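Bear in mind these aren't lab numbers, they're just calculated from the coordinates by the rules spelled out. Just so you know, these numbers come straight off a predicted model, no measurement behind them. Quick reminder, even Gly has a Cβ in these numbers, built from the backbone with ideal geometry, and neighbours come from all protein chains shown.
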Amino acid sequence: MTRSILVCGGAGYIGSHMVRLLQEAGHDVVVFDNLSQGHAEAVTGTTLVRGDLLNPEDLSALFDRHNFDAVIHFAALIAVGESVAAPDLYYRNNVCGTLNLLAAMKTAGVDRLVFSSTAAVFGNPLTELIDESHPLAPINPYGWSKRMMEQMLADMAAAYGLRSVSLRYFNAAGAHPGGEIGEAHDPETHLIPLVLLAALGLRDRLAIFGEDYDTRDGTCIRDYIHVLDLASAHLKALDYMEAHPGAHTFNLGNGRGFTTLEVIEAARRVTGREIPVEMATRRAGDAGILVADSARAKAVLGWEPRYADLETIIETAWRWHRAPKYGPFAEGR
Ligand code: UDP
């Protein structure tokens, strides 16, 4: 079934991969993005509307012009450390922006939303693998902002029947194997792109944030999941909402954790390059270990990751980072 889908934040890293999958599946897509982090070059073959969730007029113009069956919402600020330093920025952008979007959807009668949530809603885990029943106890404003938005969706499902699926991403990584789109944040704060930039000599050395965590080598453990695997879960979520009213949540990861040092070793193997590192202090707001139990997404949504192997994930990112088509390291910049 062909649907008309609004992708908020569709010029960003995960959003642009989502747009590709939607296009391949034959859906009609409109991207809405303020281009604060996204790149217009990442959106091809569909309409890109430049606008901001913080401007209700931008949203009313958008919903006046197009009829949407559903919205997929990626547009948010995502840097944990920055959120600790500037919580007001995070609450305004993420929470107020989402409220504006929900108001515009309500006015237009659009009642289906797939929402980008995060493992940061859990805080420090109480169990080795985190499933959906794990308590929500964020330890940074970024995680709190996402937790608040999940709550808003649950309350609006009860109040007026908004249907939603919140997908809690663990660590998104990798790029489309075609090499046309990839991760290009400015500034970049994420581990895998930073490691690859160091391998390319585009950064002096990689600072490892903390070697005194209670893990096998003292560095943080994360569950890295390929960006296209995240995107494919959204397609499943769109179908799921048709038969299932209410607000639903699913955790998305590979179920396997790697330490920061293990990621760097894997990147050395993939790239064959030196990756200079230095030990640094812990980064504010970081949990020691975050690994997903995604059994529910597999059983209920029928989702299955295709790029589960860490080296494969890094390889796809490496292909992009060696020749990025846009972003701060694209040729000609
Ligand atoms: N990390 C690091 N050095 C960096 C960037 C990240 O040691 O320059 C670590 C960070 O402390 C965390 C992991 O790498 O344990 C993944 O961080 P990232 O920012 O990629 O994702 P997050 O887990 O914050 O969503």
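Some points to look at:
- L206 vs. criteria touching a Leu at 6+ places or on another chain (Cβ under 9 Å), touching a residue at least 40 places away in the same chain (Cβ under 8 Å), within 10 Å of the ligand (Cβ to nearest atom) and not acidic (D, E): yes
- Identity of the residue in segment 240-263, under 27 Å from W320 (Cα atoms) and touching a Leu at 6+ places or on another chain (Cβ under 7 Å), that ends up nearest to the ligand (Cβ to nearest atom): T260
- Enumeration of residues in segment 241-284 that are surrounded by 14 or more Cβ atoms within 10 Å (Cβ to Cβ), of a type in the set (S, T, Y) and within 22 Å of V80 (Cβ to Cβ): T249, T259, T260
Here's the yes/no breakdown for (1) within 16 Å of the ligand (Cβ to nearest atom); (2) touching a residue at least 24 places away in the same chain (Cβ under 8 Å); (3) of a type in the set (D, E, K, R):
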position: Y90; (1), (2), (3): yes, yes, no
position: A104; (1), (2), (3): no, yes, no
position: E128; (1), (2), (3): no, yes, yes
position: N140; (1), (2), (3): yes, yes, no
position: S145; (1), (2), (3): yes, yes, no
position: G161; (1), (2), (3): no, yes, no
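- Residues within segment 278-326 that are more than 13 Å from the ligand (Cβ to nearest atom), farther than 23 Å from L196 by Cβ and not aliphatic (A, V, I, L, M), tallied: 7
- Taking segment 77-94 as the range and being assigned to a helix (DSSP H, G or I) and surrounded by fewer than 19 Cβ atoms within 10 Å (Cβ to Cβ) as the test, the residues that pass are G81, V84, A85, P87, D88, L89, Y91, R92.
- Taken over segment 65-88, the criterion of being more than 15 Å from the ligand (Cβ to nearest atom) and out of contact with any helix residue (DSSP H, G or I) (no Cβ under 7 Å at 6 or more places or on another chain) is satisfied by R65, H66, N67, F68, D69, A86, D88.
- In segment 293-312, the residue that is farthest from R222 (Cα to Cα) out of those that are among the small types (G, A, S) and part of a loop (DSSP other than H, G, I, E, B) is G302.
- For the criterion of being surrounded by 20 or more Cβ atoms within 10 Å (Cβ to Cβ) and in contact with a Leu (Cβ under 8 Å, 6 or more places away or on another chain), A233 passes.
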